[in-house]
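In what follows, a structure is listed as structure tokens, so that the remarks can point back to it.
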Amino acid sequence: MDISQILHHAITLNASDIFIIAGLPLTYKINGRQLREGEPLHPDDTHALISAIYKLCGRNPDRFAPEDSDDDFSFAIQDLGRFRANVLHQRGTLAVVLRVIQFGLPDPNALGIPPQVMAACKKMKGLILVTGPAGNGKSTTLACMIDEINRTREGHIITMEDPIEHIHRHNKCIVTQREIGSDTPTYVGALRSALRESPDVILLGEMRDYETIEVAMTAAETGQLLFSTLHTTGAANTVDRIIDVFPAAQQQQVRIQLSMVLQAVISQQLVPTTDGKQTVAFEIMYTNAAIKNLIREAKTHQIDTAIQSGAAEGMRTMDQSLLQLYQQGRITKETALTYSIHYEAMEKRLAALSML
């Protein structure tokens, strides 16, 4: 099977990822489960397939020198779809993991993204974070949000991504999409440049380190609406992660700064459903006066309680979201416990429900 057939087959299977790794059969990830086809691949097989990927997308294979740790890039095939590739070395051989991105922009209703999440698009300034483990749909949620803004109000949207996944066409907004590594060398450089490009909305693919986080918070202070991601689960953990990246002497000032610019934290997890598919569980936090005060006073452990109290403002905790999915019969009790943030509290809630 050549690489074009593999990519077509992945689209047909509705796979989210393709794994081409020596010693493993060709593997497709579908609804969180693996489908392995054929015999285990040899190093020569993976090398040939990876070379074919570079040829297919017109990328110079010299970019992937033996001493490099990996190579991230995206490419599109007409009438088929877009793919995000991560080529890596492992056990002395070449391997690649391909993320499948369907053409067109995702539909939030079809994906089960609730209106309480999409309401973040109505904000005009500040910092909005979409968080969660890798591979749990953060980029898709952000694509839905950017598309909503592009369709509903005028402005200049600048995205910085590594690599670009979803293509946004100019609609009511001007959309400038920059790929790290090809259009600009770094997130920090792109972000600093963006502040001189009359932005209204900035999408920063990931807040990876101290310098990126520092520049992102400064950008949010200047009056733009800035979206970004972190690999954290839960609003309280996200706040702590941002503050902990700064030196101890700066942390109190950062708490004050963050309490002023942070507008929302949307945390998400993909969880298996009873019908063998997957759905998204969301934690939704919007910063009201009470939450701003908790951030300033280093009482992040009380944020969950504040979210529970903010149901009228569209807020809910991850555990509340999981409990709702369980009550709807969409996930099992075991799944609710496995993905819960507070295991013992969830156990008690489930026990109380079973007694009704």
Grab every C-alpha pair in the chain, bin the distances at 10 angstrom width from 0 up to the longest one, and report whole percents. 5, 22, 30, 26, 14, 3, 0
Virtual paramagnetic centre 7 Å along Cα→Cβ of Arg151, amide N under 11 Å, in the range 102-129: 105-110
Dipole size in debye (nearest 20) for the range 3-102 around its Cα centre, Lys and Arg Cβ +1, Asp and Glu Cβ -1? 340
Which value in Å is the Kirkwood Rh of the range 76-134 over different Cα pairs? 15.2
Placing unit charges on C-beta atoms (Lys and Arg positive, Asp and Glu negative, everything else neutral), compute the dipole magnitude of the range 108-316 about its Cα centre in debye, rounded to 20. 500
Taking the Cα atoms of the range 108-316 alone, what are Rg (to one decimal) and Dmax (as a whole number) in Å? 16.4, 51
One finds the C-alpha centres of the range 87-150 and the range 174-189 to be spaced, in Å, by 17
Once phi for every residue in the range 275-287 is put through the Karplus expression 6.51 cos²θ - 1.76 cosθ + 1.60 (θ = phi - 60°), the whole-Hz ³J(HN,Hα) values, with Gly and Pro written as x, are 9, x, 9, 9, 9, 9, 9, 10, 9, 10, 10, 10, 7
Go through Pro133, Leu337, Leu323 and say which Cα lies farthest out towards the positive end of the charge dipole of the chain; charges sit on Cβ, +1 for Lys and Arg, -1 for Asp and Glu. Leu323
Given H placed on each backbone N at 1.01 Å, which residues far from Gly126 in sequence or on other chains put an amide H within less than 5 Å of it? Gly223, Gln224, Leu225, Leu226
I need the phi-derived Karplus couplings for the range 163-177: 6.51 cos²θ - 1.76 cosθ + 1.60, θ = phi - 60°, integer Hz, Gly and Pro marked x. x, 5, 9, 8, 8, 9, 8, 4, 10, 5, 9, 7, 10, 10, 10
Assuming 1.002 mPa s and 20 °C, estimate D for the range 116-221 with Stokes-Einstein, Rh taken as the Kirkwood radius over Cα pairs, in µm²/s. 152
Under the 0.36 nm per residue contour assumption, what length would be gained going from the current alpha-carbon distance of Thr218 and Gln251 to full extension? 10.4 nm
Return the long-range amide H neighbours of Thr186 (sequence gap of 5 or more, or a different chain), with a cut-off of under 5 Å between placed amide H atoms. Gly181
Which whole-number percent gives the relative contact order of the range 283-325, counting Cα pairs below 8 Å spaced six or more residues apart? 52
Rounded to the nearest 10 degrees, the helix 235-244 long axis (Cα) sits at an angle to the longest Cα principal axis of the chain of 80
Multiply the residue separation of Leu24 and Met355 by 0.36 nm, subtract the distance between their alpha-carbon atoms, and state the gained length in nm to one decimal. 114.5 nm
Dividing the mean separation of Cα pairs under 8 Å (6+ apart) by the residue count of the chain yields a relative contact order in percent of 13
Volume per residue, Å³, of the convex hull around the alpha-carbon atoms of the range 3-102? 92
For Thr159, enumerate residues with amide H under 5 Å from its amide H, sequence gap 5+ or separate chain, H modeled in the peptide plane. Thr176, Gln177, Arg178, Leu203
Sorted by mean Cβ packing within 10 Å, highest first, what order do the peptides 257-269, 100-112 take? 257-269, 100-112
What is the extension gain from His231 to Ser51, computed as 0.36 nm multiplied by their sequence separation minus the C-alpha to C-alpha distance, in nm to one decimal? 61.7 nm
Diffing the range 344-352: the Karplus 3J(HN,Hα) column from phi (6.51, -1.76, 1.60, θ = phi - 60°), in whole Hz with x for Gly and Pro, holds 5, 5, 5, 4, 5, 5, 5, 5, 5
222 nm mean residue ellipticity, helices alone, for the chain (DSSP H n ≥ 4; -39,500 (n - 2.57); rounded to 500): -10500 deg cm²/dmol
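We did not get these values from a lab; they are worked out from the coordinates using the rules stated. Keep in mind the model is a prediction, meaning the values are calculated, not measured. Note: ideal-geometry Cβ built from the backbone for every residue, glycine included; neighbour counts use all protein chains shown.
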